[in-house]
Amino acid sequence: MVWRALYATLLVLAYPFVVLLLIWRGARNPDYRGGRRERLGWAYAEVPRDVVWVHAVSAGEVIAAAPLIRQLMTLLPEIRVLVTTMTPTGANQVRRLLGNRVSHCYAPYDFPWALRRFMKRVRPQLLVLMETELWPNMVRMSEARGIPVALINARLSERSARGYRRIAGLTRAMLSQLTWIAVQYPEHAERFLELGAPPAIVDVVGNVKFDVEVPGDFRERVAALKTRWQTSGRPVWIAASTHDGEDEIVLDAHRALLEKSPDALLILVPRHPQRFDSVAQLASDGMVTRRMTDTAGSRAQVILGDTMGQLIYLYGVAQIAFIGGSLVKHGGHNPIEAAATGLPLIMGPHDVNFTSVVAAFESAGCLHRVADAPSLAAAVHDLFEHPEHRTAEVARARQVVADNSGATDRIADRLALEISGSLRRRSGSRAVRDRV
């Protein structure tokens, strides 16, 4: 109770700063202007009621959730699904991957009045939280209304666990209010249990991100990009989801690579769209650079991937993938999609966000570690010089993906049972508790 009271007090104090933050973000990025009312609990009129509510923070979580949502809708065609996100990039992925099959709005912040307004409007049957998106009031108020809450594809690094231990009372109460925690790996389960999760609700089911869906138009789109960028016979590598401070390292590595392979092409894809312009300027220093959105230009040495939702097609153009967020202390990004499309992998030393995933590829001999621009350039050049090594590593990477697939089906089956149970309970009594 002490932790809950403290949390409530902090929320009250934070409210004016949250409003100012929304205004500031909207001024910097127009995409943030549209969802202000939704973030305060005012779901727009077209959002359906009696929904399965899937909350995915941003683009990566939406990409992981999309196959699961489609599977659920196949098992239970009568359900209505509402996907909430916190970021515009997540919203864009919902539209791209799920279209009109689901509804979308921005998730309300964890203010009790905003959540009460939102839940009264949409009347969730089930709340599905992707990965580690735990908000105390969201969980508590759902549980109080009899709404099952499932934490799916859950992962908990040791660093994150240390943070939760600092608020042990609030964490223990929140975990006890969950219906199911479907974790990726045994070490994640151990951390949840240490934090107070009831053992009966924790299951190790695997990582849904291994269930990669290659788009039906993949070959056609990749062939068009290769023709457009004149990649035939050229060594092409991609640096995906790079962060501030990392682009300079990648570009220095490419300059060194060009000294040995003058025809090499780098596809550079910054993680955040607000950095596209600054990264384009960096790349243009001494190298012929084109942006993906350009319609004309000379044969390039660097292509800047300045669009969202296209990364899997860009992987298809390349022969080697460097996974960003790993040369700086961000914790790395997901290498699974690159492996599934047939690329050997290179990463820096930082992988706290995907430690177990990275370990699987590294132990299979299809992921290389680098520490700086010279070692990155050397790793890329070595793989270009030995195509037989690339071929072997591609086969091993795809085998890792295949060996770890299937989590989506396991989770969908369990969630379908939860939804069916919720529907039966609600058909027996239509009374909805709107007070907490």
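The values are calculated or read from the model by the stated rules, or taken from the named source; none is laboratory data. Remember, predicted model here, so these are calculated numbers, not experimental data. Backbone-built Cβ (ideal geometry, glycine too); neighbour counts: all protein chains shown.
Filter region 34-71 for residues that are assigned to a helix (DSSP H, G or I) and of a type in the set (D, E, K, R); which is modelled with the lowest pLDDT? Step through it out loud before you land on a result.
Initially, region 34-71 is screened for residues assigned to a helix (DSSP H, G or I), giving 36-39, 59-71.
Now restrict to residues that are of a type in the set (D, E, K, R): 36-39, 61, 70.
Numbers: R36: 79, R37: 85, E38: 89, R39: 88, E61: 92, R70: 95.
Within region 34-71, the match that is modelled with the lowest pLDDT is R36.
Can you tell me which residues in region 114-126 are in contact with an Asp or Glu (Cβ under 7 Å, 6 or more places away or on another chain) and surrounded by 21 or more Cβ atoms within 10 Å (Cβ to Cβ)?
Q125, L126
I'd like the residue in region 254-271 that is out of contact with any Leu (no Cβ under 6 Å at 6 or more places or on another chain) and either at positive phi or of a type outside the set (A, V, I, L, M) (or both) and, out of all such residues, is surrounded by the fewest Cβ atoms within 10 Å (Cβ to Cβ).
So, considering only residues that are out of contact with any Leu (no Cβ under 6 Å at 6 or more places or on another chain) and either at positive phi or of a type outside the set (A, V, I, L, M) (or both), the one surrounded by the fewest Cβ atoms within 10 Å (Cβ to Cβ) is P262.
Give me a count of the residues in region 344-363 that are touching a residue at least 60 places away in the same chain (Cβ under 8 Å) and under 18 Å from R396 (Cβ atoms).
2
Look through region 25-49, keep the residues that are more than 21 Å from D110 (Cβ to Cβ) and of a type in the set (A, V, I, L, M), and return whichever of them is surrounded by the most Cβ atoms within 10 Å (Cβ to Cβ).
Kept after step one, since they are more than 21 Å from D110 (Cβ to Cβ), are these residues of region 25-49: 27-31, 33, 45-46, 48-49.
Going one step further and asking which of them are of a type in the set (A, V, I, L, M), we end up with 27, 45.
On the way: A27: 10, A45: 6.
So the residue we want is A27.
Considering only region 193-207, I want to know if a residue exists there that is farther than 21 Å from F384 by Cβ, touching a strand residue (DSSP E or B) at 6+ places or on another chain (Cβ under 6 Å) and not aliphatic (A, V, I, L, M).
yes
Identify all residues within region 127-141 that are under 19 Å from G41 (Cα atoms) and either of a type in the set (V, I, T) or surrounded by fewer than 24 Cβ atoms within 10 Å (Cβ to Cβ) (or both); write none if there are none. Give the steps one after another, and end with the answer.
If we filter region 127-141 for residues that are under 19 Å from G41 (Cα atoms), which is where we start, we get 127-129, 133-141.
Correct list: V128, E133, L134, W135, P136, N137, V139, R140, M141.
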